[in-house]
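Where a number appears in this text, it was derived from the coordinates with a stated rule and is not lab data. As the structure is a prediction and not an experimental result, all values here were calculated from the model. A quick note on method: Cβ atoms are made from the backbone with ideal geometry, for glycine too, and the neighbour counts reach across all protein chains shown.
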Amino acid sequence: MLHSLIEEKVRHAFKIFYFELQNESHMHLRGEPESHFKMILVSNDFEGMVKVKRHQFVYRVLSELMPEFHALALHLYTEAEWQCLAHTPESSYCSGEH
């Protein structure tokens, strides 16, 4: 359910070229079914923004939902950056409690 809410808010707020939202909660020890997510979002809405501003933009869009999950790994690109990217960063397993 939380996955769907995040996806809905993002799809409504951005002009999306590519979007992927992965629930990575199974890779962490918290035991909660929807606690850790990885987002790949490609949108020209990020044009001219430095990385921190892109993250802030997404955080604003998801501000109401942020208390509902523990972590959100963001990989945010413009279309041109995405075309030049060889691969997206791999996620790691969390061995400690967070």
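Numbers for the structure displayed
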{"read-out": "Residues satisfying the stated conditions in region 64-73, i.e. surrounded by fewer than 16 Cβ atoms within 10 Å (Cβ to Cβ) and closer than 11 Å to residue 21 by Cβ", "value": "73"}
{"read-out": "Search result, residues across region 41-63 that are surrounded by fewer than 14 Cβ atoms within 10 Å (Cβ to Cβ), part of a loop (DSSP other than H, G, I, E, B) and polar (S, T, N, Q)", "value": "63"}
{"read-out": "Pick from region 19-40, criterion under 17 Å from residue 2 (Cβ atoms) and aliphatic (A, V, I, L, M), ranking: surrounded by the most Cβ atoms within 10 Å (Cβ to Cβ)", "value": "39"}
{"read-out": "Sole exception among (1) touching a His at 6+ places or on another chain (Cβ under 6 Å); (2) under 15 Å from residue 80 (Cβ atoms) for residue 40, by number", "value": "(2)"}
